[in-house]
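For reference, the structure is listed below as structure tokens.
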Amino acid sequence: MAGSGLNNFVTAGMKLSISKKLILSFLGLTLVILISTLGLARWSFEQGFLDYVNALEESRLKLVAASLSREYADAGNSWSGMNRQRFEGILWEHAPANLEEAVSMGRPPPRGLMLSVPGTVPSYPAGMEWARELGPPTALYTTQGELIAGSLPSAAETRPIRVPVLVDGEPVGELRSAPRRHFSLPQETAFSRQQWVTSGLIGIVSLMLALVVSLLLTRVLLAPIRRAISAIAQLSSGDYAVRLNEHRADELGQLMGDLDRLAHKLEESRSSRQRWLASISHELRTPVTVLIGEIETMKDGIRPLDMAQILSLDQEVSRLRRLIDDLYELSVSDIGGLRYSFAPVDLMQRVTAAVDGIRGRATDKGIDLQVSGETDKMISGDSQRLDQLFINLLENSLAYTDSPGRIDITLARRGTRIVVRIQDTPPGVDVDECEKLFEPLYRHEVSRSRRIAGVGLGLAICRNIVEAHQGTITATPSELGGLCIELVFPITAGT
């Protein structure tokens, strides 16, 4: 049963909203602070007040001790004349409520002083009223500790207030008084009760203020969270156009900024996916349509089934195969499925090998290839993937450069990195479209006209290969009027 009750309590706590949790936490913290503060203040007040009362009592005892020293001297340096009535009379002289005040209120003085007040009737009051007038219980002892007059409660005998009675600087007795350890007089009790009431009112007002402040703080703190929750709900429903546009310098501002960036990325991803599907459909449909058309013409007898037609069909099938291979390789590289065997690689050798591979076709097209920037620095890379990288880049540049033209490849060191730049002559690409060149199936159809059967997957694959080598690849307008591809690779330490 106890475990079930605990589980129900935990479950109920989990169902509380953040606003209720914040309010309860704030009120709980305020309540703990109030109880601690008021409790300590109350304890400090009582102790301080009692210390003050006991200090007054010690001052009173010093006055009583002065009177007793005179009595002792007048009696011939003896306590023989000291009795209860005389001792109470001296206490009355220095009592908190003096004689005139007592008489004016109709209360009789102690028996030891009745003769000094004309017109009084000899009587001694019963009860404890006179104890209050005479002060706390007080007793007079000899220097050997023998009781002379008065009395002390047994509890006060352990740690009483002690004041010596001195005659000519020598102790002849000792006054002992019971210290005050709690409020006993009606006035003190009433004052203490009033302090409790005041403390309670302060606590109630403080809790009410804490409740108001917690409500305001909760509303202020939760307003952006509610907007973020609403934005997340819209994102989960597919509305990626939502934007919070909050400019805050705290963690909530960072959260909202991250949500805006997430929405932007999701919107871009959906647009890219839609373009991808449309482009893939178009790229796949083109060779398939050509194949179907040529097969239909041969079936209808319009075209003969000869070697020329077979070569035409083979060309379209090869184009379709390359497209499928590129799609597979791109998907594998996107998910990190390409295998890399890293070893120290001379980047200049890899670039030179790629240039030699296309030099013949470049010469036939009227494109001049130039390689410059000797460097013997090594990078950690996969030779096979780097060959694929440079061949793809040079094939792309060769395909999109007008004849006659030029392609310059330069290698240079920049700090701890090697920079490879591939620049070609017109046609060029606008600055705002350079980054889009690395998107799968993206083409700049206006100035860099489409003149090959390949599809726009090469640069996307190149970017994945470069990133796998801890490098970067960027596209910018070329100084030669065409496109400039810049690759940056980290140099292997120690080379």
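Return the residues of the stretch 129-175 that are at pLDDT 85 or above and within 20 Å of residue 50 (Cα to Cα); say none if nothing qualifies.
Correct list: 162, 163, 175.
Looking at (1) crowded, with 16+ Cβ neighbours inside 10 Å; (2) modelled with pLDDT under 90; (3) among the β-branched types (Val, Ile, Thr); (4) under 25 Å from residue 271 (Cβ atoms), which is the only condition residue 446 fails?
Unmet for residue 446, out of (1) crowded, with 16+ Cβ neighbours inside 10 Å; (2) modelled with pLDDT under 90; (3) among the β-branched types (Val, Ile, Thr); (4) under 25 Å from residue 271 (Cβ atoms): (1).
State whether one or more residues within the stretch 237-253 are in a helix (DSSP H, G or I), more than 29 Å from residue 27 (Cα to Cα), over 22 Å from the mean Cα position of the chain (by Cα) and modelled with pLDDT of 80 or more. Working first, answer last.
First, pick out the residues of the stretch 237-253 that are in a helix (DSSP H, G or I): 251-253.
Right, trim to more than 29 Å from residue 27 (Cα to Cα) and you get none.
Within the stretch 237-253, none of the residues are in a helix (DSSP H, G or I), more than 29 Å from residue 27 (Cα to Cα), over 22 Å from the mean Cα position of the chain (by Cα) and modelled with pLDDT of 80 or more.
So residue 328 ticks every box in (1) surrounded by fewer than 16 Cβ atoms within 10 Å (Cβ to Cβ); (2) modelled with pLDDT of 80 or more but one. Which box is left unticked?
Single failed check for residue 328: (2).
Could you give me the residue pairs with C-beta distances under 9 Å whose first residue belongs to the stretch 215-236 and is in contact (Cβ under 8 Å) with a residue 24 or more places away in the chain and closer than 16 Å to residue 255 by Cα, whose second residue is polar (S, T, N, Q) and surrounded by 12 or more Cβ atoms within 10 Å (Cβ to Cβ) wherever it lies, and which are 6+ apart or on separate chains?
As it stands, the answer is 221/19; 222/19, since those pairs meet every condition given.
How many residues are under 26 Å from residue 240 (Cα atoms), modelled with pLDDT of 80 or more and surrounded by 14 or more Cβ atoms within 10 Å (Cβ to Cβ) if we restrict to the stretch 259-315?
6
Here's the yes/no breakdown for (1) in a helix (DSSP H, G or I); (2) under 30 Å from residue 271 (Cβ atoms):
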residue	(1), (2)
384	yes, no
387	yes, no
391	yes, no
395	yes, yes
406	no, no
411	no, no
421	no, no
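Any idea which residue in the stretch 20-72 is modelled with the highest pLDDT, counting only those that are over 30 Å from residue 207 (Cβ atoms) and β-branched (Val, Ile, Thr)?
Pass one, the stretch 20-72, residues over 30 Å from residue 207 (Cβ atoms): 51-72.
Add one more test, that the residue is β-branched (Val, Ile, Thr), and what stays is 53, 64.
On the way: 53: 77, 64: 86.
Among residues in the stretch 20-72 that are over 30 Å from residue 207 (Cβ atoms) and β-branched (Val, Ile, Thr), the one modelled with the highest pLDDT is 64.
The values are calculated or read from the model by the stated rules, or taken from the named source; none is laboratory data. These numbers were taken from a predicted model, which means no experiment stands behind them. In this analysis, Cβ positions are derived from the backbone assuming ideal geometry, glycine residues included, and neighbour counts consider all displayed protein chains.
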